[in-house]
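As structure tokens, the structure follows; a few thoughts come after it.
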Amino acid sequence: MAQEPAGNASAAASPYGTLPPASPMATRKPISLPRIQEMHTRGEKITMLTAYDATFAAVADAAGVECILVGDSLGMVCQGLHSTVGVSLQDMAYHTESVARGLRRAQGTAWLIGDLPFGSYQESKEQAIRSASVLMQAGAHMVKLEGGGWTTEVVHFLVERGIPVCAHLGLTPQTVHALGGYRVQGRGDVASEQMKKHALALQDAGATMVVLEMVPAPLSAELTKELPHCATIGIGAGKGTAGQVLVLHDMLGVNLGKNPKFVRNFMLDATSIRGAMEAYVAAVKNGSFPDDSLHAW
Ligand code: KIV
């Protein structure tokens, strides 16, 4: 009987996973920044889910999810922390590498976003590029960072040096202590004007995506129109955004606490995890998720 070459644990011989062997040949066209921009311009909804490991990332990709975010929500989801504040750059690099490897092995085409964790970009733009480089070298195509105003200069610095950036406004979990809890942001004239100002400045600085988290639906819809070059990705921000994102475990109903109001458990009507992800993609694309009467403010 032929012996397997030493050091080559082929997929057929492995009892632990179902990912195909690594292959350099992709069969679908990879998602790129121009494709995301084109979807935003055409009004086709962009789908995003978080993933933290190789297998879930490959399954999400196979289900048609266009963007995968290795979010620092992994602090809560994978590490059992109370907030994202304790997540390190090394943690993010480990999970980004795992997800990138999974996508590569499955010949995936998803756009991969790595989240810059708390403390890895706040000090200076030089610190930000050092941290962003770690995530890009781990396999990310884009980095995400939280906040508006002071971040504009950092975004400009990264984008000028060839690093695509996704901004994050509204509820920014890394600053949950300053915000006084997980609350809706941008309510009232002063706060909504400030968010608009920050969003426009981030677009001018070169951010090509912005996550809007727990932002009133009318404000998100207005921002989406005012940001033709920066695709808004909502989470608890209503249906008027260019795309949607959910934390994987929340949309699969895999948590022991209460899901936030903006989450739909897609496992309830599915017979498999891939089926739940496909239902999510379909619901975002056809506009049935989110339902502003249930999932928005
Ligand atoms: O860390 C994360 O998963 C996120 C999403 C909730 C947008 O930032």
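The values are calculated or read from the model by the stated rules, or taken from the named source; none is laboratory data. These figures come from a predicted structure and were not determined experimentally. Cβ: placed from backbone, ideal geometry, glycine included. Neighbour counts: every protein chain shown. Quick note on the areas: whole protein, heavy atoms, side chains included, nothing else; ligands and nucleic acids left out. Shrake-Rupley method; radii C 1.70, N 1.55, O 1.52, S 1.80 Å.
Values as computed for the structure displayed
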quantity: In the range 60-81, residue nearest to M39 (Cα to Cα) [restricted to those that are open to solvent by 40 Å² or more (accessible area, probe 1.4 Å) and out of contact with any Phe, Trp or Tyr (no Cβ under 8 Å at 6 or more places or on another chain)]; calculated: A62
quantity: Helices (runs of 4 or more DSSP H) enclosed by the range 59-160 - at least 1 residues per element that are charged (D, E, K, R), away from the ligand (no atom under 13 Å from the Cβ) and within 16 Å of the chain's Cα centre (by Cα); calculated: 89-105
quantity: Pairs with Cβ under 7 Å, 6+ apart, first in the range 236-259 and assigned to a loop (DSSP other than H, G, I, E, B), second open to solvent by 10 Å² or more (accessible area, probe 1.4 Å) and among the acidic types (D, E); calculated: G236/E213; A237/E213; G238/D292; K239/D292; N259/D250
quantity: Odd one out for H229, checked against (1) more than 11 Å from the ligand (Cβ to nearest atom); (2) open to solvent by less than 10 Å² (accessible area, probe 1.4 Å); calculated: (2)
quantity: Answer from A242, A276, A296, A205 - the residue that is crowded, with 16+ Cβ neighbours inside 10 Å, farther than 26 Å from G75 by Cα and away from the ligand (no atom under 15 Å from the Cβ); calculated: A205
quantity: Given (1) touching a helix residue (DSSP H, G or I) at 6+ places or on another chain (Cβ under 9 Å); (2) surrounded by fewer than 24 Cβ atoms within 10 Å (Cβ to Cβ), number of the condition T47 does not satisfy; calculated: (2)
quantity: Contacts under 7 angstrom Cβ, first residue in the range 103-118 being closer than 19 Å to R35 by Cβ, partner open to solvent by 10 Å² or more (accessible area, probe 1.4 Å) and hydroxyl-bearing (S, T, Y), 6 or more apart; calculated: Q107/S23; Q107/T27
